[in-house]
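Chemist: Could you have a look at this structure, given as structure tokens, before my questions?
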Amino acid sequence: MPFSHLPALLSSWFALLVTALDRRSAPRLFLLLCGALFARGRRTVTAWFRAAGVTDAFRPAYHALFAAGRRGRDLGFRLLRGVLRPLLERQPGDRLLFALDDTPTARYGPCVQGAGIHHNPSPGPAGEKYVYGHVWVTLAWLARHPLWHTLALPLSALLYVRARDVPKLAQEYPWTFRTKLELAVELVRDVVGWVGRTGQALWIAVDGAYAKRPFLRPVLALGLVVVSRLRRDADLRDVPPATRRPGRRGPLPTYGQARIDQAKRAGPKRGWQSVRCVQYGREVVKAVKTFVATWRPAGGRIRVVIVREPDGWLPYFCTKPEATAAEVLEAMADRGAIEQTFKDVKEVWGAGQQQVRNVYASVGAFVVNLLLYSVVEAWAWGRAEEGLVDRSRSPWDAEERRPSHADKRKALQGEILRDEIRAVMGPRAEQEGFRDLTRRLLDLAA
């Protein structure tokens, strides 16, 4: 072990997570988690090995990463039920909100299994429309922190491989093509089984690309409430009458006959309502128009919320017709936290930099990054801001904001190193001069 004095809570979490693997691979995954936590520079798997003290036994460590990719769903189950369960039980309100989206990680080389050409959602200065690499359909829990508002804690991810790239991959592994919508439904089924009976309603906020029948119908059948963007040209219908006309027989209609034009609803200046809601950590007032309509992809009635923004109007919907406009707007604003998580997973943990070619090793590397992100956030959940980031030596940094994920990771590294130094040095570690030297060294190392 590179560190013999991990914090008891962190050690117990790592020990729980690695039980998803067999007895041979579990200790090696434990080492990889420690190595990924302390890796510096470019976050290749070999950087993890160096930080974890893995030298001659590097091949079994690669096998452990492969096994983590095969058992990614079991790792997600242990993350939610073991590490995040106490936070889940303390969440206020009568609902649990999840988010689902996909994100690419650039990867180069013809021998990288599962990689392909994908649409680039965030083109750089050169305006790249496409990116070569992997695409990960990811599910996260949107947790409300008492001080830092909404945090997206990733639970699990599945690799999307294009249909044209599947035959080559299927020559080595039993891999079948599944669309992003099918992968998303699979993740939702997993989390429904993981959460169990909490007495709270399960909501999921998704991007408009997932607001389609192949995703909506199976998810609604599982009992979840879906919130998403709505196409401006969606074929909305009015609500059919609730009573049958005299002489008519058969079931009542599910969909109305009259089409609803959203542009005509949003065009008039009259009819807008002021709604107070909390978005991105502060209370705002939005001008909205809301109504109930029927929509075939959702299988019946939905709540439509049209919100007026400075540059136009945006439509959203919720599959719970009784939902309020404030609930819909808050859920869609909270969904934005998963975008920040994707950014941190790539920049802070180096997702996509691991330089492995095997498809399950790539999955395992991405899963390890997601696990560590959620573990660090859970570790920092109840800690004061002063214990996570020290701004006293940066008087120019006076802006009030919550600690970044990089601050939390650095604080955890510092705590581990301090405990290690105290254990090695004994009473001398408490001397004032030694403590000052230790603090300066930790600022440079962590």
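The values are calculated or read from the model by the stated rules, or taken from the named source; none is laboratory data. Quick caveat, the model's predicted, so the values are computed rather than measured. All Cβ positions, even for glycine, are placed from backbone atoms using ideal geometry, and neighbour counts span all protein chains on display. These accessible areas exclude ligands, DNA and RNA; they are computed on the full protein's heavy atoms, side chains included. Shrake-Rupley method; radii C 1.70, N 1.55, O 1.52, S 1.80 Å.
Chemist: Ignoring ligands, DNA and RNA, what percent of the 1.4 Å accessible area of the chain is carbon and sulfur?
Modeler: 51 percent
Chemist: Taking all pairs of different Cα atoms in the stretch 63-222, averaging 1/r and flipping that mean, what Kirkwood radius in angstroms comes out?
Modeler: 17.4 Å
Chemist: Taking only the alpha-carbon positions of the chain and ignoring solvent, what does the Debye formula give for the base-10 log of I(q)/I(0) at q = 0.11 Å⁻¹?
Modeler: -0.95
Chemist: I would also like to ask the following. Could you work out [θ]222 nm for the chain from helices alone, using -39500 (n - 2.57) per DSSP H run of at least four and dividing by all its residues? Round to the nearest 500 deg cm²/dmol.
Modeler: Taking each H run of at least 4 residues, the total per residue is -11500 deg cm²/dmol.
Chemist: Still on this structure, please answer the following. Working from the alpha-carbon coordinates of the stretch 263-308, get Rg over Rh, Rh being the Kirkwood radius.
Modeler: Reported Rg/Rh, Kirkwood definition of Rh: 1.06.
Chemist: Could you pull out every whole DSSP H run in the chain that spans at least 24 Å of Cα extent along its own axis and averages -0.5 or higher on the Kyte-Doolittle scale?
Modeler: 359-380
Chemist: For the stretch 332-422, what percent of Cα pairs sit more than 21 Å apart?
Modeler: 45 percent
Chemist: For the stretch 76-183, what is the accessible area per residue in Å² when the probe is 1.4 Å?
Modeler: 47 Å²
Chemist: Once the Cβ-Cβ distance between Asp390 and Ala201 is put in as r, and R0 is 35 Å, what FRET efficiency do you end up with, to the nearest 0.05?
Modeler: Efficiency, rounded to the nearest 0.05: 0.30.
Chemist: Hey, could you get me the Stokes-Einstein D for the stretch 171-223, Kirkwood radius over alpha-carbon pairs, 37 °C and 0.692 mPa s, rounded to whole µm² s⁻¹?
Modeler: Calculated translational D: 261 µm²/s.
Chemist: Still on this structure, I have one more. State the extension gain, in nm to one decimal, for the chain segment bounded by Arg70 and Arg24, taking 0.36 nm per residue of separation less the distance between their alpha-carbons.
Modeler: 15.1 nm
Chemist: Would you kindly calculate the mean projected area, averaged across all directions, of the convex hull enclosing the Cα atoms of the stretch 217-362, in square nanometres?
Modeler: Averaged projected hull area, Cα only: 13.7 nm².
Chemist: Can you give the Rg to Rh ratio of the stretch 1-140, both from alpha-carbon atoms, with Rh computed by the Kirkwood formula?
Modeler: With Rg and the Kirkwood Rh in hand, the quotient comes to 1.02.
Chemist: OK, next. Would you please put 241-254, 313-326 in order of how densely packed they are, using the mean number of other Cβ atoms within 10 angstrom per residue and starting with the highest?
Modeler: Order by mean packing, descending: 313-326, 241-254.
Chemist: A further question on this structure: For the stretch 144-187, take the convex hull of the Cα atoms, compute a quarter of its surface area, and give me that in nm², please.
Modeler: Average of the hull's projected areas for the stretch 144-187 equals 4.3 nm².
Chemist: For Ile260, list long-range residues whose amide hydrogen, built 1.01 Å from N in the peptide plane, is under 5 Å from its own amide hydrogen.
Modeler: Leu236, Arg237, Asp238
Chemist: Cα-Cα over 27 Å: which of Lys180/Lys343; Lys129/Lys289; Lys180/Lys320; Lys212/Lys408?
Modeler: Over 27 Å apart, Cα to Cα: Lys129/Lys289; Lys212/Lys408.
Chemist: Of all trypsin sites (Lys or Arg not before Pro) in the stretch 1-102, which ones are in loop regions per DSSP and have a Cβ with at most 14 other Cβ atoms within 10 Å?
Modeler: Within the stretch 1-102, the qualifying trypsin sites (Lys or Arg not before Pro) (loop, at most 14 other Cβ atoms within 10 Å) are Arg23, Arg24, Arg40, Arg42, Arg90.
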